[in-house]
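Chemist: Please see the structure below; I have some questions.
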Amino acid sequence: MAVFSKEKIRNIALIGHGGEGKTSLLEAMLFNTKAIDRLGKVDDGTTVSDYDAEEIDRKMSISLSMSYVLYKDYKINVIDTPGFFDFEGEMVSALTVCDGAIVVTQAGGSLSVGAEKALDYCTERKIPVILFINGLNKENSNFFTTVDAIKAKYGSKVCAIEFPILEGTDMKGYVDVLTGKAYDVSGGEVAVPANLTDAINADNAELTETVASASEELMEKFFDGEELTKEDKIGGMKTLIAEGEFIPVVSGVATGKPVLCDLLENIVHYIPYPGEHTLAKAKKGEEEIELDYDENGVTVCRVFKTIVDPFVGKLNLFKVYGGSVKTGDVLVNMRKDEQEKISTLYILKGKTQEQVPVLNAGDMGAFAKLNITKTGDTLCAQGADIVFPPIDFPKPVLTLAISCEDKGGTDKLVDGLRKLMDEDRTFRVEKDENTMETVIRGMGETQIDILCKKVKGKYKVEAKLSEPRVAYRETIRKKVEQQGRCKKQNGGSGLFGDVYIRFEPAPDTDFEFAEEIVGGSVPKQYFPAVEKGLIEAKSAGVLAGCPMVGFRAVLYFGSYHPVDSKEAAFIEAAKIAFKEGIPKANPVLLEPVVNVSVVVPTEYMGDVMGDLTKRRGKVFGMNTVGSKTEITGEAPQSEMHRYAIDLRSMTQGRGKFSTEFARYDEVPASNVAKICEEELKKRSNK
Ligand SMILES: Nc1nc2c(ncn2[C@@H]2O[C@H](COP(=O)(O)OP(=O)(O)OP(=O)(O)O)[C@@H](O)[C@H]2O)c(=O)[nH]1
Ligand SMILES: [Mg+2]
């Protein structure tokens, strides 16, 4: 394998809605360039990219996978990402290191939600994009109405640069809008179909006007009525694409007899090489720096994905941002400040690994057998002291309690899941400190289900998933005074403790203990015992057995016996005072309330606000965020468990939300009895 310099490298991610043809498109690219001699199919589980057992089973991508395509003297690294919303983190990883993307969308006459989200993600971050309209061989597919639907949202920022030549659902070739020349699928020039001429002329006029905005020089030429040359247009387009200001549209058929026309040519033409347009930002010590992919510079690599391969163990997928990386190099893992020896360097085609001795700045590959390195880490030459910012993964939105029927299994389960956290950084397993439950927080039910299946396959432990418990609390609203008396005779020795305690609301504290004993009615040495008794008692309130908070207990009187008074007696006496006093202090049930922020396209605003109200929530305000609306408010946590799933179905996946603990609030009277019953049942089952 030749060694490539950055000018000859392209790094692209295939992104978009699930099931629109990304994996098939990569397969076709590999087949067309003779990298593989058999065109695999997603439905048969034979593609290069969807190789994992779960991917084959579900006929969809789950993790990103890396391949490369050799085209002319270029190496195009292609990262295929899953489109299903639960796996958005994979797209984020890929776009962190790629220099451009191909958004794949079906020619169904509309823009799929996933494609729209992918386009928005790229334009917001100025990531160059080519839009590939796929599936022209499908009944009811329509290239023109699909382009119109996309233009309705993005305007003339989106323009076709090629028109497909179709006979029914048979794609025969394409017309290059810039030159007005037509080609068949094998690249031979053919006549432009008469029925396309008007559409091509109109498109070319729009394209010219858009491209003229790329520079003052082009603008002047355009307004002076001078014809823009093909080179002018290509140059202008490149500038606008690199700035995320223009999205060229091409089309094809990714399956069957692959018809991609000159997609690879468009990639090398319109997607910038690493550093051509944008430099990578990192930190050197405290200083912000930009890395320019100088292959003679200091070696810096960024790991964007860890994969556990059944044969070679951990693979760390990386991009080289400076210098070159060679077998035998010793690099520093900046997160741990520890050395890693690079024993094996691979380039990948899905699961197939090919060893290479060296990779230059701009290129991508995989490290095998590193000790401590994982997703997000920077590896650089000794003394370089360069660190990349963390990958901006989406935050988990769905929490489920996770356990195992067999008690010992839970540890294995948690252990197995924790290991998978190296590969997938959009979920975590942890103990909820309030409920003491083990919970898994992730992006959706499918992701969590797949993770559990993986652990089951490896460790033979079956996960039980359920709604997580809500950390209810109890408090009091009234001041009461209560005696607690413990008097027991046990054979010869007795137990005696007698306390008077004032319980009063103290909403700003968790719990406070004080004493106002005068004249030694309770000897000093028993104060800690009284406090201890109360601390033990408050862990289970009188309504639902939930922890009691927000109250003060003042020991103000009592009595003792010179022989029978012992620590244990005062502990017991305090507990009796609690048990008898609190029910008279107007106890109430509290529930956690969370701040909620929901960002949705404005047309869903009414539905989202109505739904929040149904969840006993309150809406505080609305802000415009670009073309979307952010709704802020609050809602009881117990009503928000399935919000990730419900919001997705309410907005077809267009909505985003986050929640954050705000405070505890009193549970409305109408809900108290039911919650108390459920809580007491859960506690007795424990
Ligand atoms: N007829 C037709 N079917 C296609 C075309 N492209 C993809 N398909 C089919 O659509 C289905 C989904 O294709 P994939 O390549 O897995 O789509 P994907 O975008 O990778 O899907 P995810 O990995 O779930 O995001 C498969 O059954 C493909 O055979 C096309 O151009 N024409
Ligand atoms: Mg796929």
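Computed from the coordinates by the stated procedures, all read-outs in this text should not be read as laboratory data. If you're wondering where the values come from, they're calculated on a predicted model, not measured in any experiment. No Cβ is skipped: glycine too gets one built from the backbone with ideal geometry, and neighbour counts run over all protein chains shown.
Chemist: Could the peptides 356-364, 629-637, 509-517 be put in order, highest first, of the mean number of other beta-carbon atoms found within 10 Å of their residues?
Modeler: Working: 356-364: 22.4, 629-637: 19.6, 509-517: 14.3.
Per-residue Cβ counts within 10 Å, averaged per peptide and sorted highest first, yield 356-364, 629-637, 509-517.
Chemist: Same structure again: Taking only the Cα atoms of segment 516-557, how large is their convex hull per residue, in Å³? Before the final figure, lay out each step's value.
Modeler: Working: hull volume 2.7 nm³, N = 42.
Given the Cα convex hull of segment 516-557, per-residue volume reads 65 Å³.
Chemist: Something else about it: Quick one: Debye curve from the C-alpha atoms of segment 140-278, no solvent, what's log10 I(q)/I(0) at q = 0.11, 0.15, 0.19 Å⁻¹?
Modeler: Rounded to two decimals, the profile gives -0.42, -0.78, -1.21.
Chemist: At 37 °C and 0.692 mPa s, what whole-number value in µm²/s does Stokes-Einstein give for the translational diffusion of segment 6-270, with Rh from the Kirkwood sum over Cα pairs?
Modeler: Working: Rh = 18.6 Å.
Answer, rounded: 177 µm²/s.
Chemist: Along the charge dipole of the chain, Cβ charges K/R +1 and D/E -1, which of V308, F661, N296 sits furthest on the positive end?
Modeler: F661
Chemist: With point charges of +1 on the Cβ of Lys and Arg and -1 on the Cβ of Asp and Glu, referenced to the Cα centre of the chain, which listed residue (I347, V250, L260) lies farthest in the positive direction of the dipole?
Modeler: Value computed over the given set: I347.
Chemist: Hey, another quick one. Over segment 474-585, what is the percentage of antiparallel beta bridges among all DSSP beta bridges, to the nearest 5? Could you put the intermediate results ahead of the total?
Modeler: Values: 19 of 25 bridges.
Close to 75 percent.
Chemist: Okay, next question. From the Cα trace of the chain, what convex hull volume per residue do you get, rounded to a whole Å³?
Modeler: Hull volume normalised by residue count: 210 Å³.
Chemist: Around K181, which amide H atoms from residues at least 5 apart in sequence, or from another chain, sit under 5 Å from its own amide H, with H modelled in the peptide plane?
Modeler: Amide H neighbours of K181: D176.
Chemist: If you don't mind, another one. Explain nothing, just the number: dipole magnitude of the chain about its Cα centre with +1 on each Lys and Arg Cβ and -1 on each Asp and Glu Cβ, in debye rounded to the nearest 20. Before the final figure, lay out the partial values.
Modeler: Values: 87 positive and 106 negative charges, 672 e Å.
About 3220 debye.
Chemist: Have a look at G323, A574, N134 and report the one farthest towards the positive end of the charge dipole of the chain, computed about the Cα centre with Cβ charges (Lys/Arg +1, Asp/Glu -1).
Modeler: Most positive-ward Cα: A574.
Chemist: Can you give me the relative contact order of segment 474-585 as a percent, contacts being Cα pairs under 8 Å and 6 or more apart?
Modeler: Relative contact order of segment 474-585: 44 percent.
Chemist: Among all the aspartates and glutamates, which ones have a C-alpha under 13 Å from K656's C-alpha, if same-chain residues fewer than 8 places away are not counted?
Modeler: Output for K656: D86, E88, E630, D646.
Chemist: For the chain, give me the percentage of DSSP beta bridges that are antiparallel, rounded to the nearest 5 percent. Let's see the in-between values first.
Modeler: Details: 122 of 150 bridges.
That works out to approximately 80 percent antiparallel.
Chemist: Over all directions, what mean area does the Cα convex hull of segment 297-351 project, stated in square nanometres? Don't jump to the answer; show the numbers that get you there.
Modeler: Values: hull surface 16.6 nm².
Average projection, Cα convex hull of segment 297-351: 4.2 nm².
Chemist: Moving on to the next point. If you average the sequence gap of Cα pairs under 8 Å that are 6 or more apart and divide by the length of the chain, what percent do you get for the contact order?
Modeler: Details: 1527 pairs, mean separation 65.9, N = 686.
Taking the mean separation of contacting Cα pairs over the length of the chain, I get 10 percent.
Chemist: Another one. With a Cα-only, solvent-free Debye model of segment 492-619, what are the log10 I(q)/I(0) values at q = 0.14, 0.18 Å⁻¹?
Modeler: For segment 492-619, the Cα-only Debye profile gives -0.67, -0.93.
Chemist: Also, I was wondering about something else. Hey, what number do you get for the chain at 222 nm if only DSSP H runs of n ≥ 4 count, each worth -39500 (n - 2.57), divided across all residues, to the nearest 500? Write down the numbers at each step before the final one.
Modeler: On the way: 16 runs with 188 residues, N = 686.
Computed ellipticity for the chain at 222 nm equals -8500 deg cm²/dmol.
Chemist: How compact and how long is segment 589-682, expressed as Rg and Dmax of its alpha-carbon atoms in Å?
Modeler: 14.4, 48
Chemist: Moving on. Assuming 1.306 mPa s and 10 °C, estimate D for segment 201-316 with Stokes-Einstein, Rh taken as the Kirkwood radius over Cα pairs, in µm²/s.
Modeler: Approximately 87 µm²/s, per Stokes-Einstein.
Chemist: Next up: Could you list, in their original order, any pairs among K22/K172; K579/K614; K314/K412; K72/K349; K59/K458; K488/K532 whose Cα atoms are separated by more than 25 Å?
Modeler: Values: K22/K172 21 Å; K579/K614 37 Å; K314/K412 20 Å; K72/K349 18 Å; K59/K458 21 Å; K488/K532 20 Å.
Correct reply: K579/K614.
Chemist: Taking one equal scatterer on every alpha-carbon of segment 280-387, how large is log10 of I(q)/I(0) by Debye at q = 0.13 1/Å?
Modeler: The Cα Debye sum returns log10 ratios of -0.41.
Chemist: Calculate the length of the line joining the C-alpha centroid of segment 16-33 to that of segment 409-477, in whole Å.
Modeler: Spelled out, the Cα-based centre of one part sits 34 Å from the other.
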